[in-house]
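Below: one structure, written as structure tokens.
Read-outs: derived from the displayed coordinates by stated rules, not from any lab. Computed from a predicted structure; not experimentally measured. Cβ sites come from the backbone with ideal geometry, for glycine too, and all protein chains shown count toward neighbours.
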Amino acid sequence: MNKQISLTQYLVEKQREKNLIPAELRLLLEVVARACKRISYGVGKGDLAGILGEAGSENIQGEVQKKLDVIANETLLEANEWGGHLAAMASEEMDHPYTIPNRYPKGEFLLLFDPLDGSSNIDVNVSIGTIFSVLRLPEGVHVPEEQSFLQTGSHQLAAGYAVYGPSTLLVLTVGDGVACFTLDRETGSWWLTTDGMKIPHDTKEYAINASNARHWHEPVKRYVADLNAGRDGPLGKDYNMRWVASMVADIHRIMTRGGIFMYPADSREPGKPGKLRLLYEANPMGFLVEQAGGMATNGHERILDIQPAALHERVAVFMGSRNEVERVTGYHGGES
């Protein structure tokens, strides 16, 4: 019988044997994992804990917050503020960065997170999750400000997401492939269940919110029309559409069996380059997808090469199986 590998052992081996991560980053990732475990327990209790429904507030994007949005955000802040690993944190749910209080020691890392992705699914018991990313505080910066977080995705030291579904999973990369851990709810431990996750280069599945079809720009309309034309169309095969409306759930399916996830810009808000947040969603997920052999672009360029201009910047997203992402990116460049 193969010996089970815990999250701690996995990270220690990345630190000690491969010298990939410093000890402080290992400890930070363990704290984030503990916070995700606490969020998972809260999600599991649902209405028994009175945590479903709206919180009566809005986030920086003007979106109505769910009670669990607020609880998950506070859980991640409280878990990570005192450990001495971080200089500051930034969240999709907060207007400005959260600087570590002076009563606690400061570290050299920055943590960014979407505390509860897929909020529209909370009250209907569909899979939701947490997305996170770790950056290093820029050299020479002693008091982190918003500018400190505006680094390209290629500078990420680690990224991951938790899926709160039938089982609770933690999917993680430290730049050496992607590993999936499953939470043993009886012992409270994370155990490695899949190492070296790989996204197939080809796929017959795509994920997009088809209700927005009338608002899509022409390249997306042409590409999806070609997908729907099936084996009689220019792509020569039948495709299935899957859409959970939770990025974590849709990307995890793609990480597991392939596919392409698309959240394009559209004509409803011409001034916005997309819907999803570059720093909290696109960058960490793009890092994971690339580490699993996939590809992530905004339709024109690699997502991890985009220089952020603002903390809550939005971006169009096309990520997943490499050959399909290359194809849809080609449609945007006039190739088809």
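Excluding same-chain residues fewer than 8 positions from K237, which lysines have a Cα within less than 30 Å of its Cα?
Cross-link targets: K198, K204, K221, K275.
Note down the magnitude of the dipole of the stretch 205-332 about its Cα centre, charges +1 on Lys and Arg C-beta and -1 on Asp and Glu C-beta and zero elsewhere, to the nearest 20 debye.
Result for the stretch 205-332 is approximately 220 debye, rounded to the nearest 20.
As a test of the formula, what do you get for the chain when each DSSP H run with n ≥ 4 contributes -39,500 (n - 2.57) and the sum is divided by the residue count, at 222 nm and rounded to the nearest 500 deg cm²/dmol?
Details: 8 runs with 93 residues, N = 336.
That calculation yields -8500 deg cm²/dmol at 222 nm.
If packing is taken as the average count of other Cβ atoms within 10 Å, what order do 251-257, 284-290, 270-276 fall into, highest mean first?
284-290, 251-257, 270-276
How high is the relative contact order of the chain, given as a whole-number percent (alpha carbon pairs under 8 Å, six or more residues apart)? The partial results should precede the final answer.
Numbers: 705 pairs, mean separation 50.8, N = 336.
Here the relative contact order equals 15 percent.
In Å³ and rounded to a whole number, note down the convex hull volume per residue for the Cα atoms of the stretch 177-277.
138
Output ³J(HN,Hα) for the stretch 14-29: one whole-Hz value per residue in order, computed from phi by the Karplus curve 6.51 cos²θ - 1.76 cosθ + 1.60 with θ = phi - 60°, and x for Gly and Pro.
Those phi angles translate into 5, 6, 7, 8, 9, 6, 8, 10, x, 4, 5, 5, 4, 5, 4, 5 Hz.
With a 10 Å radius around each residue's Cβ, average the other Cβ atoms per peptide and rank 37-44, 208-215, highest first.
Peptide ranking by packing, descending: 37-44, 208-215.
Sort T152, T187 so that the residue with the fewest other Cβ atoms within 10 Å of its own Cβ comes first and the one with the most comes last.
Final ranking by Cβ density, sparse to dense: T187, T152.
Return the Cα extents of the chain along principal axes one, two and three, sorted largest first, each rounded to a whole Å.
That works out to 62, 52, 47 Å along the principal axes.
Take the alpha carbon atoms of the stretch 262-316, find their radius of gyration, then divide it by 2.2 N^0.38 Å using N residues; give the quotient. List each step's numbers first, then the result.
Working: Rg = 10.9 Å, N = 55, 2.2 N^0.38 = 10.1 Å.
Compared with the compact-globule rule of thumb, the stretch 262-316 sits at 1.08.
Just to be sure I understand: if I project the alpha-carbon convex hull of the stretch 205-332 onto a plane and average over all orientations, what area do I get in nm²?
Mean projected area of the Cα convex hull: 7.3 nm².
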